[in-house]
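Visitor: Right, I'll just put the structure down here and ask away after.
The values are calculated or read from the model by the stated rules, or taken from the named source; none is laboratory data. If you're wondering where the values come from, they're calculated on a predicted model, not measured in any experiment. Every residue, glycine among them, receives a Cβ derived from its backbone with ideal geometry; neighbour counts consider all protein chains shown. Heavy atoms of the whole protein, side chains included, go into the accessibility calculation; ligands, DNA and RNA do not. Shrake-Rupley method; radii C 1.70, N 1.55, O 1.52, S 1.80 Å.
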Amino acid sequence: MNKEKIVPKIRFKEFSNNWVKCELGEVSDISSGGTPSRGESSYWNGDIPWATTAEVKYSEITDTKEKITIDGLNNSSAKLMPVGTILLAMYGQGKTRGQLGILSIEAATNQANANIQVHRYIYNYFVYYQLVKKYNLLRNLANEGGQANLSLGIVKSVNIVVTNNLDEQLKIGEFFKQLDNIITLQQQLLNDHKQLKKAMLQKMFPQKGESIPKIRFAGFTQKWENLKLSSLYVKGASGGTPKSTNKSYYIGNIPFLGISDISASNGYIYDTKKRISQEGLDSSSAWLVPKEAISLAMYASVGKVAILKTDVATSQAFYNMIFKDIATRNFIFQYLLKKESTNGWNKLISTGTQANLNAKKIQDLQIMVPSLEEQEKIGDLFGKLDKTITLHEKKLETYQNLKKAMLQKMFV
């Protein structure tokens, strides 16, 4: 091992010993698995978990989609790996290559996984998180060819740094394990609230052909009324786009809403990537849509909807609606979110080179609407749910950013 003086930027205060560089293959035994013949039915649907790269998702692997028999294991290059083995995806589609997992069960693996068994004086989670930090590096090390892959030789030669103090390895590994547990719990809270909202959207709006929802607030018994969307707002119109060849139109202070803005908005628009000038606004059919209006995407991200939290101009890809009552605005916003999440726009989308909505179809959209008082209660309920979901999203992002920062600083 190289004896160069190496220490991380952040470490637990009781440790001061030197870390050393080495290759992954020096501190672990690395092998790949195999796939029993698909043509032999007796090799499959057994009791032995068989992990592919589909199971390697930055978490402990507690089960596998497919299982093999003892005959399948014995008649292939698959190997039964012990609990604690680190799996590294050597190839796979999308972002799969370079991803990691740890077995919390005994399992066989396929040939796309590198099975990393660290030596007894190394804590497996210490190595695992160091490899997590190296995700982008691992992907760049892949062989070039028809498909960019890693190989066992490349994996064995990956440089890591090791503290010979096992207690320090344990502390670092456990720190990141606890952080991952917090992230998992936060993700679950977020998912639970999103599922709750999805379920409530289904039950607090009438089903097709019905005039009363399955769940409603106490005190409301009237049937909902079937109305055109155009009867519910005071102004509705699409936007426009200043000529892109005139650069002076795009040097100004007026936010200009684009599809990328609404796609990343999470339901609320506070700013936009592009801005236009007053001259650009005046030269086109774009108009200044006021704060608190709703913008609905008719092209590209069809049905994507957001509430404007600042005055903006929009392209013709959006239909913009101004409402007299905030209660009605909030109710319609939640209705449109439900329609998007359930693919409710599909039957109205125009076919052609690109599937789009148009202003007339939005204006003529039939909506079941309750009294203003019930609209307000429904809008408030979902507004509170949205705020809770946003809070959980921000917490999750905070923990994820903390993990990213600490991986950089607690490993060299």
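Visitor: Please state which one of Leu385, Leu381 is touching a Lys or Arg at 6+ places or on another chain (Cβ under 6 Å) and in a helix (DSSP H, G or I).
Guide: The conditions single out Leu385.
Visitor: Is at least one residue of region 328-344 surrounded by fewer than 20 Cβ atoms within 10 Å (Cβ to Cβ) and modelled with pLDDT of 95 or more?
Guide: Within region 328-344, one or more residues are surrounded by fewer than 20 Cβ atoms within 10 Å (Cβ to Cβ) and modelled with pLDDT of 95 or more.
Visitor: Identify the single condition in (1) under 19 Å from Asn113 (Cβ atoms); (2) surrounded by 12 or more Cβ atoms within 10 Å (Cβ to Cβ) that Glu26 does not satisfy, given that it satisfies every other one.
Guide: Evaluating Glu26 over (1) under 19 Å from Asn113 (Cβ atoms); (2) surrounded by 12 or more Cβ atoms within 10 Å (Cβ to Cβ) leaves (1) as the failure.
Visitor: Please go through (1) open to solvent by 20 Å² or more (accessible area, probe 1.4 Å); (2) at pLDDT below 95; (3) not hydrophobic (A, V, I, L, M, F, W, C) for Pro8 and return the number of the only condition it doesn't satisfy.
Guide: (1)
Visitor: So the check is Cβ under 6 Å with 6+ separation or different chains; which pairs have a first residue in region 272-298 that's polar (S, T, N, Q) and a second one that's crowded, with 21+ Cβ neighbours inside 10 Å and in a loop (DSSP other than H, G, I, E, B)?
Guide: Matching pairs, first to second residue: Ser283/Pro242; Ser284/Pro242.
Visitor: Looking at (1) among the charged types (D, E, K, R); (2) surrounded by 13 or more Cβ atoms within 10 Å (Cβ to Cβ); (3) free of Cβ contacts under 8 Å to residues at least 12 places away in the same chain, which is the only condition Arg120 fails?
Guide: It fails just one condition, (2).
Visitor: Follow-up. Would you kindly identify the strands (runs of 3 or more DSSP E) lying entirely within region 155-257 that contain at least 1 residues that are more than 30 Å from Met368 (Cα to Cα) and open to solvent by 70 Å² or more (accessible area, probe 1.4 Å)?
Guide: Hits in region 155-257: 159-163.
Visitor: Among the listed residues Gln111, Gln93, which satisfies the condition of being in contact with a Gly (Cβ under 8 Å, 6 or more places away or on another chain) and assigned to a loop (DSSP other than H, G, I, E, B)?
Guide: Among Gln111, Gln93, only Gln111 is in contact with a Gly (Cβ under 8 Å, 6 or more places away or on another chain) and assigned to a loop (DSSP other than H, G, I, E, B).
Visitor: For region 220-255, how many residues are in contact with a helix residue (DSSP H, G or I) (Cβ under 8 Å, 6 or more places away or on another chain) and among the hydrophobic types (A, V, I, L, M, F, W, C)?
Guide: Total meeting the criteria: 5.
Visitor: Can you name the residue in region 384-399 that is of a type outside the set (Lys, Arg) and either closer than 13 Å to Leu196 by Cβ or touching a Ser or Thr at 6+ places or on another chain (Cβ under 8 Å) (or both) and, of all such residues, is most open to solvent (accessible area, probe 1.4 Å)?
Guide: So the residue we want is Thr388.
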